[in-house]
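Visitor: Here you go, one structure.
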Amino acid sequence: MRRRKQIGAIALLAALLTGAAGASFAQVRTKPAPSTEFKTLATQAEAAREAGHLDEAAALYRDALRINPRWAEGWWWLGAIDYDSDRYAGAAPEFQKVVALEPSYATARVLLGLCQFHLGLDGEALKNIEAAKVGDIADDVQLRQEVLYVEGVLLQRAGRFEAAREALGSLCQCGAAGQDAVMALGMVALWMTDAQPPVAGEAAQVTLHVGLGACLDARKNYDAGRREFESVAASSPHFRNFHLAYGRFLEDAGNSSGAIREYKLAIQDEPSSVLARFLIGAAEYKVDSAAGVPYAEEAARLAPKLPYVHYLLGLLLVDTGEFKRAVPELEIARKAFPGEARIELALGSAYAHVGRVEDAAHARAEFQRLNKAQKAQNAAKGEPGTGGAAQIEIKDGMETAERP
């Protein structure tokens, strides 16, 4: 069951129209010049809406829009009325009209995406929500929380687990994660792409406790989070991907040895698991890279077409001084991820050690360029710099997430 939206569209969108959006809409409204009939209908529609007579207002807006279909504000209010009444099939094309008339107005695109989510149009919804994020979305707490939840669910369904973890974790950090968000985060932690969370039985209980643990992880409340995972370990230790989820939690809590233990248990449950081997290798990097090499080699053997396992193996080989073996692994990774600064850094080191001086210089220069651009991007977002030699990050498109 999808949760009901949190925002009250009519009150919210009224507030949003008092700012720059209102001025932008006014420009569109005056091209072409409004007729007397249009002015009358627009005035009557506004009065009916402000009086709370929404059905009457909707009818008047439609009449006015038949005269002036380029009236963005009218499409906006018509969309708001339909959205507030859960008439998403009507609201979606109305917000689409606003987006067509005002392409830079990110809030309209967000609301279009929310409508599409409620209509089950996941791909289009995620596309519009992500496009809106690069714009200036209205600074409304409830709207932003609703968008984070919907974005997290859409990313989870698409198997983009790291991005979903970030979106849903943000709700946990600000104390705004209800049970729906917790269940979605549990599905993310368990690498589940199901369209809806389990509603009963062992699966529902495991997903809930793992979600609570992951939510507490996002809040850095590791003691309470560990209790949630331990309750699952006692009742359902062999639930699919549980040990992977617990291992990720333990890594965040600074317990690398405990995390590796969980990943090894995951291999016992699923001997062909590429992801468990990848996570062991990643956890061992810069700690005991030699111990991580065999796991990365197994991952590459089991999934030779997954370039990030080659990246991991290359990093581990560089760290253990096996530079000649590292070069082809890292070159596979570079071809797949040409914008990844850390690959260039590792390649620069490997090339230098095998005597490929010009290639080493080029890789190091490319690392500097990419790293500088990333730091500038992070600074613009108010985020800390990453640093080129940091621990391995799992990223969507690089991870080896296994589907159910």
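The values are calculated or read from the model by the stated rules, or taken from the named source; none is laboratory data. This is a predicted model, so every value here is computed, not measured. When we count neighbours, we look across all protein chains shown, and the Cβ atoms used for this are built from the backbone with ideal geometry, even at glycine.
Visitor: Give the residue, chosen from Pro304, Pro271, Pro338, that is part of a loop (DSSP other than H, G, I, E, B), out of contact with any helix residue (DSSP H, G or I) (no Cβ under 6 Å at 6 or more places or on another chain) and within 30 Å of Gly213 (Cα to Cα).
Guide: On the way: Pro304 fails: within 30 Å of Gly213 (Cα to Cα); Pro338 fails: within 30 Å of Gly213 (Cα to Cα).
One residue alone meets the criteria, Pro271.
Visitor: Out of Leu185, Leu148, report the one residue that is outside the structural domain of Ala125 (by TED's automatic domain parsing), touching a helix residue (DSSP H, G or I) at 6+ places or on another chain (Cβ under 9 Å), surrounded by fewer than 23 Cβ atoms within 10 Å (Cβ to Cβ) and not charged (D, E, K, R). Lay out the reasoning, then the answer.
Guide: Numbers: Leu185 fails: surrounded by fewer than 23 Cβ atoms within 10 Å (Cβ to Cβ).
From the options Leu185, Leu148, the qualifying one is Leu148.
Visitor: Also, I was wondering about something else. Taking Val99 and the conditions (1) assigned to a helix (DSSP H, G or I); (2) farther than 14 Å from Leu112 by Cβ, which numbered condition does it fall short on, given that it satisfies the others?
Guide: It is condition (2) that Val99 fails.
Visitor: So, one more: So in region 105-120, with the set limited to residues that are in contact with a helix residue (DSSP H, G or I) (Cβ under 8 Å, 6 or more places away or on another chain) and not in a helix (DSSP H, G or I), which one is modelled with the lowest pLDDT? Before you say what the answer is, go through the steps one by one.
Guide: The initial filter retains those residues of region 105-120 that are in contact with a helix residue (DSSP H, G or I) (Cβ under 8 Å, 6 or more places away or on another chain), namely 105-119.
Narrowing the set further to residues that are not in a helix (DSSP H, G or I) leaves 105, 119.
On the way: Tyr105: 88, Leu119: 97.
Among residues in region 105-120 that are in contact with a helix residue (DSSP H, G or I) (Cβ under 8 Å, 6 or more places away or on another chain) and not in a helix (DSSP H, G or I), the one modelled with the lowest pLDDT is Tyr105.
Visitor: Further question on the same structure: Within region 291-307, is there a residue that is within 27 Å of His362 (Cβ to Cβ), in contact (Cβ under 8 Å) with a residue 60 or more places away in the chain and not polar (S, T, N, Q)?
Guide: Yes, that holds for at least one residue.
Visitor: Pairs please, first residue from region 44-55 and closer than 14 Å to Asp82 by Cα and without any contact (Cβ under 8 Å) to a residue 60 or more places away in the chain, second anywhere and assigned to a helix (DSSP H, G or I) and among the charged types (D, E, K, R), Cβ atoms under 8 Å, 6+ apart in sequence or on different chains.
Guide: That search, which allows pairs on different chains as well, returns Leu54/Asp84.
Visitor: OK, next. In region 231-258, how many residues are polar (S, T, N, Q), assigned to a helix (DSSP H, G or I) and in contact (Cβ under 8 Å) with a residue 24 or more places away in the chain? Please lay out each step first, then the result.
Guide: Pass one, region 231-258, residues polar (S, T, N, Q): 231, 235-236, 241, 255-257.
Subsequent filtering for residues that are assigned to a helix (DSSP H, G or I) retains 231, 235, 256-257.
Remaining after also requiring in contact (Cβ under 8 Å) with a residue 24 or more places away in the chain: 235, 256.
Qualifying residue count for the region: 2.
Visitor: Could you tell me whether Ile332 is at pLDDT 95 or above, among the β-branched types (Val, Ile, Thr), within 27 Å of Gly258 (Cβ to Cβ) and buried (at least 19 other Cβ atoms within 10 Å of the Cβ)? Outline the logic, then answer.
Guide: Details: at pLDDT 95 or above: yes; among the β-branched types (Val, Ile, Thr): yes; within 27 Å of Gly258 (Cβ to Cβ): no; buried (at least 19 other Cβ atoms within 10 Å of the Cβ): yes.
No: the conditions fail for Ile332.
Visitor: Look through Ala203, Ala164 and report the one residue that is outside the structural domain of Asp122 (by TED's automatic domain parsing) and touching a Phe, Trp or Tyr at 6+ places or on another chain (Cβ under 9 Å).
Guide: Numbers: Ala164 fails: touching a Phe, Trp or Tyr at 6+ places or on another chain (Cβ under 9 Å).
One residue alone meets the criteria, Ala203.
Visitor: Report the residue count in region 275-292 for those that are surrounded by fewer than 21 Cβ atoms within 10 Å (Cβ to Cβ) and part of a helix (DSSP H, G or I). Talk me through it step by step, then tell me what you get.
Guide: Going through region 275-292, the residues surrounded by fewer than 21 Cβ atoms within 10 Å (Cβ to Cβ) turn out to be 285-291.
Okay, now just the ones that are also part of a helix (DSSP H, G or I), so 289-291.
Adding up the residues that qualify gives 3.
Visitor: With (1) modelled with pLDDT under 95; (2) among the acidic types (Asp, Glu); (3) closer than 18 Å to Lys324 by Cα as the list, and Glu340 as the residue in question, which single condition is left unmet?
Guide: Among (1) modelled with pLDDT under 95; (2) among the acidic types (Asp, Glu); (3) closer than 18 Å to Lys324 by Cα, the lone unmet condition for Glu340 is (3).
Visitor: Between Ala341, Ala333, Ala299, which is under 25 Å from Gln374 (Cβ atoms), among the hydrophobic types (A, V, I, L, M, F, W, C) and touching a Lys or Arg at 6+ places or on another chain (Cβ under 9 Å)? Talk me through it step by step, then tell me what you get.
Guide: Values: Ala333 fails: touching a Lys or Arg at 6+ places or on another chain (Cβ under 9 Å); Ala299 fails: under 25 Å from Gln374 (Cβ atoms).
The conditions single out Ala341.
Visitor: Quick one: what pairs do we get from region 105-127, first residue over 22 Å from Ala72 (Cα atoms), second part of a helix (DSSP H, G or I) and charged (D, E, K, R), C-beta under 7 Å, 6+ apart or different chains?
Guide: These pairs meet every condition: Asp122/Arg157.
Visitor: Let me ask something additional. Out of the residues in region 300-329 that are among the aliphatic types (A, V, I, L, M) and touching a Gly at 6+ places or on another chain (Cβ under 7 Å), which is farthest from Ser257 (Cα to Cα)? It would help to see each step written out before you state the result.
Guide: Keep residues of region 300-329 that are among the aliphatic types (A, V, I, L, M), which gives 300, 302-303, 306, 309, 312-313, 315-318, 326-327.
The next check asks that each one be touching a Gly at 6+ places or on another chain (Cβ under 7 Å); those that pass are 312, 316, 326.
Working: Leu312: 19, Leu316: 18, Ala326: 26 Å.
Here the residue is Ala326.
Visitor: Something else now. Any residue at all in region 215-226 that's within 24 Å of Leu155 (Cβ to Cβ) and touching a Ser or Thr at 6+ places or on another chain (Cβ under 9 Å)? Outline the logic, then answer.
Guide: Step one: of region 215-226, the residues within 24 Å of Leu155 (Cβ to Cβ) are 215-221, 225.
Pick out the ones that are also touching a Ser or Thr at 6+ places or on another chain (Cβ under 9 Å) and you get 218.
Taking every residue of region 215-226 in turn, at least one turns out to be within 24 Å of Leu155 (Cβ to Cβ) and touching a Ser or Thr at 6+ places or on another chain (Cβ under 9 Å).
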